[in-house]
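Here is the structure we will look at.
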Amino acid sequence: MMSSTSDSSDLIVIGGGVIGLSIAWRARRRGLSVTVLERAQTGAGTSRVAAGMLAPVSEVEFGEAGRRLLALGLRSAAAWPSFAEQLQAASGIDVGLLASGTLLLARDADESRELERQIAFRDSLGLRTERLRPSQAREREPAIAPALRLALEAPDDHSVDPRRVLAALRAACDATGVRVRERTRAIAVQSDAAGRTTGVVVAGEAGDELVRAERVVLAAGAWSSQLEGVGDPVPVRPVRGQLLRLRDPGGPGLLRRVVRFEGGYVVPRGDGRYVLGGTVEERGFDVEPDVGGVYQLLRDAHELVPGVVELKIEELCVGLRPGTPDNAPAIGRGEPAGTIWASGHHRNGVLLAPLTAELVVGLACDEDEDPALAVCSPRRFAQRSPAELEPPRESFVAGAAGEARA
């Protein structure tokens, strides 16, 4: 039973991660009144676990979906310097943007052949990369083991610290008047007889409450498809990732660049801290870490960056990335009218935050639709067969070039 109705906003954003807060901040800057509904604490979920790679070149995958995602990633990566500068000005917090580039590494003949294929693929797309001999790679990063066989440098792939980004976004939202309601679980999007959104029903101890708005953004990550009242929901599923946050007591210096390899990646933060990730596992909503995943990460990292084993463990993290059948995001209008999807970003939530916010705010302000929306329309799944919408059954660890190993 509905027990109360809240004051209305122009826009409700369901989800207080990097995507939801970016949208809320940008929408408020455009003059909309905004309410964020977060089931736990803002920035305490998957975004907090993210490694923060801005890596459209090293993440690009084969196939049409991969090319579409590349176009989105390149555009959003280009927006990040300005986004970071404006966010720091609004919040006073440096988001830790490091323009250091990425090295993709191969350690044996099989991996070298695969990396050669990846190099040719990136060349065919006109992406800026450089093929490196082992000696050249070790000149750039002396911590890399001599056993290296081949490397590829992607100089335009960078990184940010997601935890700083989240702190900055929350501060910017507070400073601009975004209303943030934490520990507020959204149940359903409500609509009227004409099929237009009227608000969001949230659970309360004294009964359900209607928070009113004519526009609602679904940015709840892996939980987005669980909301009721959204017509045909986008098939967003949780994809588990395990990461280790590490610290060098001696300070920075082990690595300057992001290093990716078959089995994971190491991301330097610039202050002597590193993120070692990252498993990609189909385990539903299970967030308990396991020994097998951590062992694989440490074993594979040690083979190519032996100094990793001398670092201190600060934290073992498990996050649930929001995946779709083609691993591209769902951004665009949904049902009922006034509903906007902003979910399914999989491994690219931090990278795509500036562009997602731009696209969603444009829709919320009834601007002409950006051509990029055709690439990530949530309606693209409507004609898929049930078999096409099934998630993969295997679990694996992401490799150097976005491929997978069983």
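The values are calculated or read from the model by the stated rules, or taken from the named source; none is laboratory data. Only a predicted model underlies this, so the values are computations on that prediction, with no experimental measurement involved. Neighbour counts are summed over all protein chains in view; Cβ atoms, including those assigned to glycine, are modelled from backbone coordinates with ideal geometry.
Observations on the model:
- Residue list for segment 246-264, restricted to those being crowded, with 21+ Cβ neighbours inside 10 Å and either without any contact (Cβ under 8 Å) to a residue 24 or more places away in the chain or in contact with a Phe, Trp or Tyr (Cβ under 9 Å, 6 or more places away or on another chain) (or both): Leu246, Leu254, Leu255, Val258, Val259
- Identity of the residue in segment 170-197, in a strand (DSSP E or B) and without any contact (Cβ under 8 Å) to a residue 60 or more places away in the chain, that ends up surrounded by the most Cβ atoms within 10 Å (Cβ to Cβ): Gln190
- Test result for Arg283, of a type outside the set (A, V, I, L, M), touching a Lys or Arg at 6+ places or on another chain (Cβ under 7 Å) and in a helix (DSSP H, G or I): no
Residue-wise test of (1) assigned to a helix (DSSP H, G or I); (2) closer than 17 Å to Val267 by Cα; (3) among the aliphatic types (A, V, I, L, M).
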site	(1), (2), (3)
Ala71	yes, no, yes
Ala78	yes, no, yes
Ala84	yes, no, yes
Gly96	no, yes, no
Leu104	no, yes, yes
Glu139	yes, no, no
Glu153	no, yes, no
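- Taken across segment 118-130, residues that are surrounded by 16 or more Cβ atoms within 10 Å (Cβ to Cβ) and closer than 30 Å to Leu169 by Cβ do occur, with at least one present.
- Residue among Val308, Val280 that alone is within 28 Å of Leu97 (Cα to Cα) and at pLDDT 95 or above: Val308
So that you can scan it fast, the table gives a plain yes or no per residue for (1) out of contact with any helix residue (DSSP H, G or I) (no Cβ under 6 Å at 6 or more places or on another chain); (2) closer than 26 Å to Arg283 by Cα; (3) at pLDDT 95 or above:
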position	(1), (2), (3)
His345	no, yes, yes
Ala353	no, yes, yes
Ala357	no, no, yes
Val361	no, no, yes
Asp370	no, no, yes
Arg384	yes, yes, no
Leu389	yes, yes, no
Ser395	yes, yes, no
Ala398	yes, yes, no
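- Some residue of segment 37-59 being over 23 Å from Val258 (Cβ atoms), in contact (Cβ under 8 Å) with a residue 60 or more places away in the chain, part of a strand (DSSP E or B) and not polar (S, T, N, Q): yes
- With respect to being surrounded by fewer than 24 Cβ atoms within 10 Å (Cβ to Cβ), aliphatic (A, V, I, L, M) and either modelled with pLDDT of 95 or more or assigned to a loop (DSSP other than H, G, I, E, B) (or both), Ile313 fits the description.
- Residue in segment 322-345 that is of a type in the set (Lys, Arg) and within 22 Å of Asp271 (Cβ to Cβ) present: no
- Any hit, segment 126-134, residues being out of contact with any strand residue (DSSP E or B) (no Cβ under 8 Å at 6 or more places or on another chain), farther than 20 Å from Phe83 by Cβ and of a type in the set (Ser, Thr, Tyr): no
- Restricted to segment 88-113, and to residues there that are of a type in the set (A, V, I, L, M, F, W, C) and under 23 Å from Pro252 (Cβ atoms), the residue that is surrounded by the fewest Cβ atoms within 10 Å (Cβ to Cβ) is Ala99.
- Ser100 meets the conditions (1) part of a helix (DSSP H, G or I); (2) hydroxyl-bearing (Ser, Thr, Tyr); (3) within 26 Å of Leu21 (Cβ to Cβ) in every case but one. The failed one is (1).
- Selected residue [in contact with a Phe, Trp or Tyr (Cβ under 8 Å, 6 or more places away or on another chain), under 24 Å from Leu21 (Cβ atoms), assigned by TED's automatic domain parsing to the domain that holds Arg107 and of a type in the set (A, V, I, L, M, F, W, C)] from Val178, Val267: Val267
- The set of residues from segment 138-167 being surrounded by fewer than 24 Cβ atoms within 10 Å (Cβ to Cβ), of a type in the set (Gly, Ala, Ser) and either touching a Leu at 6+ places or on another chain (Cβ under 9 Å) or over 16 Å from Gly15 (Cα atoms) (or both) comprises Ala143, Ala145, Ala147.
- Of all residues making up segment 310-349, the number that are β-branched (Val, Ile, Thr) and in contact with a Leu (Cβ under 7 Å, 6 or more places away or on another chain): 4
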